[in-house]
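Single-structure report; data block below.
Derivation of every value follows stated rules applied to the coordinates shown; laboratory data play no part. Since the model is a prediction, treat every value here as computed from it, not as a measurement. Cβ coordinates were reconstructed from backbone atoms using ideal geometry, including for glycine residues, and neighbour counts include every protein chain displayed.
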Amino acid sequence: MVSLPSGFDGRTVPSVPGRRLLRPDFIWGVSTSSYQIEGAAREDGRGPSVWDGFSHEPGRIANGDTGDDACDHYHRYGEDIALMRDLGVGAYRFSIAWPRVLPEGRGAVNEAGIAFYDRLVDGLLAAGIEPWVCLYHWDLPQALQDRGGWAHRDSVSWFADYTRLMASRLGDRVKRFATFNEPGVFTLFGYAFRWHPPAVDDPSQHHAAIHHVNLAHGAAIDVLRAYLPGASLGTICNMQPVRPVDPTDQDRAAAALLDEYWNRAFADPQVRGTYPQALAGRIAPFVQEGDMERIRRPIDWLGINHYSPIYARADATSRLGFAWSDAPAGVPRSPIGWQIDPEAFRDTLLDACDRYRLPIYVTENGAGAEETGDATGVVDDVERIAYLSCYIDALEEAVMLGADVRGYFVWSLLDNFEWGAGYANRFGLVRVDYPTQRRIPKASARWYRATIAAQVRGSVP
Ligand code: GCO
């Protein structure tokens, strides 16, 4: 029974237990993504991504924020590597900005963009931190969106060519690659809910995009296997239980449908070779002979991003038949209102192990807050510590019950651009004072460092 620690009601901070049940080679890391932290949006030849245009459209992002400057990681990556070294993390998961290395998405290579990732990878290796590269974290080159984006089947070859470039340039030093981050999110939010670019409500484009992203994943795996036979390859999916907001037949049906789009539209075809039942009929018009074999290419691990359960309700006005809903009143919530339910996390890990039979890395887990620091900028984020502690306890319980979980990456190293919420919603272990770009480790950074040290020492206090 994973209980909620007192950090949610009082101000007490849980002790740092030695994680005795985790493998000795368990990987502790932190995660970020290119558009959310790099900044330098128009520097050194970087081309525009769909998020550059979208974030500049009035009303799209809270407070009119954009990723133009973000955390200025493009210039401050050395400082950020030092922060990671101080945390004692063994791995750093980051994404490549496709338009920084291929400004038009294909064709001419921007050598200055490649050079940035060379510097970043070399700095990580020098600090003893393993680079984990995610090839796509939502920042599609605008030039490719202009050619139809993921709704166009040519996107498969565009992504394969981009993958080939990155494998050839970084593959001598990078041994961990993921193809996509949370394809369930960017396809649903971009082609149905209109919360992300291209911000359309078009089931035909949506279902085509789902299929082409899956094909692009398979094509990229083939490229990586050919170029980097020793690399460890994976996919990163959002996985969260989908619950009906009310116990009605209509809401239960809505939750079952959202579950297919959110949790299974990518992991199922990529690992099991089939689309989930209701979705299969909607995808069928875009499936060509041999496609399912092109998608289902053997991978080495499954990355799971998890924060909380999500809720659905029936919506006859929705072209998909369901709508997103908030968690019911009265449940424990993080400071930004996301439900806290570590048992749901434990069960998600167990279910994923049973369903996909792959080693699992938790590639994102964390808690957001609209927090301020003290006079020195330090944030005493005991709620985030309490969240992380009980979710790591839940991970440990899943391992005890047989789940093959081999690593945990906190989202995120730094406060960063939180998509539609802009910079107000902070997930970092390290606070970013944006006017000065000063980095200020929070209490949770010290706690995470102690947690890692206890694991590495194998101590059991
Ligand atoms: C996602 C993305 C991250 C988010 C994080 C907090 O899961 O939406 O991978 O980019 O910033 O999850 O919402």
What helix-only [θ] at 222 nm does the chain give? Using -39500 (n - 2.57) per DSSP H run of at least 4, over all residues, to the nearest 500, the answer is -11500 deg cm²/dmol
From the phi angles alone, apply the Karplus equation (6.51, -1.76, 1.60; θ = phi - 60°) to the range 192-201 and give each ³J(HN,Hα) in whole Hz, x where the residue is Gly or Pro.
9, 7, 6, 8, 10, x, x, 6, 10, 10
Restricting to the chain, what percent of DSSP beta bridges are antiparallel, rounded to 5?
20
In Å and on Cα atoms, what radius of gyration and Dmax does the range 68-161 show?
15.0, 44
Selection of GluC sites (Glu not before Pro), the range 242-323, meeting DSSP coil and at most 16 other Cβ within 10 Å
GLU289
Using alpha carbon centers only, the range 225-289 is separated from the range 386-461 by a whole-angstrom value of 27
Provide Rg over Rh for the range 214-266; use the alpha carbon set for both Rg and the Kirkwood Rh (inverse mean inverse pair distance).
1.25
Given 10 °C and 1.306 mPa s, compute D for the range 275-380 with the Stokes-Einstein relation, Rh being the Kirkwood radius over Cα pairs; round to the nearest whole µm²/s.
89
Using 0.36 nm times the number of residues separating ASP172 and ARG23, minus their current alpha carbon distance, what extension gain do you get?
50.9 nm
Taking only the alpha carbons of the range 394-437, the radius of gyration and the largest Cα-Cα distance, Dmax, both in angstrom, are 15.4, 47
Percent relative contact order of the range 27-456, based on C-alpha pairs within less than 8 angstrom and at least six residues apart?
17
For the range 27-456, just list the percent of Cα-Cα distances falling in each 10 Å bin from zero outward, please.
5, 22, 35, 28, 9, 1, 0
Taking every other residue with Cβ under 13 Å from the Cβ of ASP172 and scoring Lys and Arg +1, Asp and Glu -1, one gets +1
The summed charge of the ARG272 Cβ neighbourhood (under 11 Å; Lys/Arg +1, Asp/Glu -1) stands at +3
Say each of ARG194 and ARG225 gets a label point 7 Å from the Cα, pointing the same way as Cα to Cβ; how far apart are those two points in nm?
4.2
